1. Quick check on the stretch 4-14. Is at least one of its residues surrounded by 12 or more Cβ atoms within 10 Å (Cβ to Cβ), free of Cβ contacts under 8 Å to residues at least 60 places away in the same chain and of a type outside the set (Asp, Glu)?
2. Condition check: within 19 Å of Pro80 (Cα to Cα), out of contact with any Ser or Thr (no Cβ under 6 Å at 6 or more places or on another chain) and surrounded by fewer than 16 Cβ atoms within 10 Å (Cβ to Cβ). Does Ala55 satisfy that?
3. Please find, within the stretch 64-80, the residue that is farthest from the chain's Cα centre (by Cα) out of those that are among the hydrophobic types (A, V, I, L, M, F, W, C) and closer than 15 Å to Leu44 by Cβ.
4. Which of (1) in contact with a helix residue (DSSP H, G or I) (Cβ under 8 Å, 6 or more places away or on another chain); (2) closer than 15 Å to Thr17 by Cα does Val78 not meet, given it meets every other one?
Amino acid sequence: MKLIIAILRDDDSDPVTRSLTAGKYRVTRIASTGGLLRRGVTTLLVGMEDGQVDAAIQVMKETCSPAPEGEKRATVFVVPVERYEQI
């Protein structure tokens, strides 16, 4: 199992969240602030099976709006999940 931690611009958070949930991914959104100009960003937590990671990242790439030159659209971390439980 893997966990994607994606940090996106606020403008992209709704379209990316909708695209991921339409693709049957479960998404948790966290409002956050970061970057040099302290702009609003959103952190998405997306848990999935190992084989779904590339497809989920592709959904994000296709859904994020184009970034101005010199800026990135998102920062994505993929981390292993040793244990997962729903209580």
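Each reported figure results from applying straightforward, stated rules to the coordinates on display, with no laboratory input. This structure is a prediction, so every number in the text was calculated from the model and none was measured. In this analysis, Cβ positions are derived from the backbone assuming ideal geometry, glycine residues included, and neighbour counts consider all displayed protein chains.
1. Looking only at the stretch 4-14, we keep the residues that are surrounded by 12 or more Cβ atoms within 10 Å (Cβ to Cβ), and these are 4-14.
Subsequent filtering for residues that are free of Cβ contacts under 8 Å to residues at least 60 places away in the same chain retains 10-11, 13-14.
Narrowing further to those that are of a type outside the set (Asp, Glu): 13.
Within the stretch 4-14, one or more residues are surrounded by 12 or more Cβ atoms within 10 Å (Cβ to Cβ), free of Cβ contacts under 8 Å to residues at least 60 places away in the same chain and of a type outside the set (Asp, Glu).
2. So Ala55 passes the test.
3. Filtering the stretch 64-80 for residues among the hydrophobic types (A, V, I, L, M, F, W, C) gives 64, 67, 74, 76-79.
Okay, now just the ones that are also closer than 15 Å to Leu44 by Cβ, so 64, 74, 76-79.
Working: Cys64: 10, Ala74: 8, Val76: 6, Phe77: 9, Val78: 10, Val79: 13 Å.
Among those that are among the hydrophobic types (A, V, I, L, M, F, W, C) and closer than 15 Å to Leu44 by Cβ, it is Val79.
4. Condition (2) is where Val78 drops out.
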